[in-house]
1. From the phi angles alone, apply the Karplus equation (6.51, -1.76, 1.60; θ = phi - 60°) to the stretch 129-135 and give each ³J(HN,Hα) in whole Hz, x where the residue is Gly or Pro.
2. Filter the cross-link list LYS113/LYS299; LYS110/LYS299; LYS324/LYS354; LYS110/LYS211; LYS211/LYS299 down to pairs whose alpha-carbon distance in this structure exceeds 25 Å.
3. Quick one: order TRP345, TRP319 from most to least accessible surface, probe 1.4 Å.
4. Name the residues whose placed amide hydrogens come within less than 5 Å of the amide hydrogen of ARG456, ignoring near sequence neighbours (fewer than 5 apart) on the same chain.
5. Rolling a 1.4 angstrom probe over the protein heavy atoms, how many square angstrom per residue are accessible across the stretch 348-413?
6. If R₀ is 22 angstrom, what is the calculated FRET efficiency for the pair GLU442 and VAL335, using the beta carbon separation as r and rounding to 0.05?
7. Multiply the residue gap between ARG401 and ALA132 by 0.36 nm, knock off their C-alpha separation, and tell me the result in nm, one decimal place.
8. Can you pull the accessible area of LYS324 for me, 1.4 Å probe, Å² to the nearest 10?
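The values are calculated or read from the model by the stated rules, or taken from the named source; none is laboratory data. Just so it is clear, the model here is predicted, and its values are computed rather than measured. For neighbour counting, all protein chains shown are included, and Cβ atoms are generated from backbone atoms with ideal geometry for every residue, glycine included. Remember, those area values only see protein heavy atoms, side chains included, never the ligands or the DNA or RNA. Shrake-Rupley method; radii C 1.70, N 1.55, O 1.52, S 1.80 Å.
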Amino acid sequence: MTRPIVAIVGRPNVGKSTLFNRLARDRKAIVESEPGVTRDRLYAPAEWAGRSFTLVDTGGLDWDEETQVRVLTTRQAEIAIAEADVVVFVVDARAGLTPGDEAVAAVLRKSRKPVVIAANKVDDPSRESLAAEFFRLGLAEPISISAYHGTGTGELLDAVLARLPEARGDRGAEPGRDALKAEADGDGLREEESGEDPVRVAVVGRPNVGKSSLVNRLLGEERVIVADEPGTTRDAVDVPFRRGSTGYVLVDTAGLRRKSRVAGGVERYSVLRTLRAIDRSDVVLLLLDGTQPLAEQDKRVAGYVAEAGRALVLVVNKWDLVAKDDLTYVAYEAVLRRELYFTSWAPVVFVSAKTGRNLGRLMETVDRVAENHRRRVPTSEVTRVFRDAVGVSPPPPVGRRRLRVSYVTQASVSPPTFVFFVNSPELATGSYERYLESRAREAWDFSGTPLRLLFRAKGG
């Protein structure tokens, strides 16, 4: 299921990052009293009342008073608004309605996006009346909150959920998986015509690692623009094709924009589209440059893929340019396993998009991990494997209590999700969960896909 996007916007220093940290339940955004600290857009998964969404923190919407030229952070916020499903407009209730707020409201009215107004810094119930002034913006009923103390955020999230689009295409359910039923594009591999779900393959990675070159090589034609300059690919491009009897949709994700289009920090422009491409894919090919060391951005993307529950293949490109001996493969893969330890289940394929080396093996790997991603295990096997696992190594005691597993079932696929019905879910330790996952991977081929192990109270 494509995760909806909720963007937090407002003029500088109204508490956007504090609210972001509060809703994301993490201190990912830097919070300072000085206006303008948040430059890049920040992203984090969030959940409320069973609905998941991606939360986006933005820099303040601001204009230079003399020239009326939008500063870079303003452009970033405007891009976030354009990509968002719902916008949370944060205002400072103590400061009251300002010309800056009215300018932001004008941008939001033009966007026609659903808006929730968060009247922040209402730290005392006696000040709730301060929010009434923001009715004048004509966008929505302002909701009094204190991002710092957390008051009012539940009501705020309820309002956000009420404006989110309906959840569609739950990829964890079967058999339909509505998210794969959309048309690919005008070339038209359509599920209703082919009678099958095409495998959606998102190609992601840092700028200039060869994403578009790989797509073109796989397609056997110049379907997407390839250039040495980073940023040639501007948007996520869906390209349907067939290989044998299998249908695919390749998604070449947006890279950096051309330098002439931006004033700096250009890599930020395409992140939201890349996240959307990951969310709506079956398999993600994380392209790495074999001639360069692994970067923090590679780790962040790999983490997002795992968290999103998508199948993953680590693709080391430009391997034709690497000086090799008998130990080069082993040494490089050892580095990947150490740095990306949280994706130890993801296969590694060394390729050259330029020469076509190992691309046949890559597509065979895509087929295998796509199958594993939607693998459903018979209930009898699930019961036997996990019963034996608990018998061989019982759960460790937690204080004077011990986890007791009554039964296990596979609840869904894409990714494979197993539900353990137990006496007390809080007794399930992280180490024991990892043990159970390892036993599942020993019993069945789940290479390339994350697994979800959920613990539920028996009868709950």
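1. Computed from phi, the couplings for the stretch 129-135 are 5, 4, 5, 4, 4, 7, 4 Hz.
2. LYS113/LYS299; LYS110/LYS299; LYS110/LYS211
3. Putting TRP345, TRP319 in descending order of accessible area: TRP345, TRP319.
4. Here PHE420, PHE421, VAL422 satisfy the definition.
5. Accessible surface, normalised per residue, equals 54 Å².
6. Calculated value: 0.30.
7. 91.6 nm
8. Per-residue accessible area (LYS324): approximately 80 Å².
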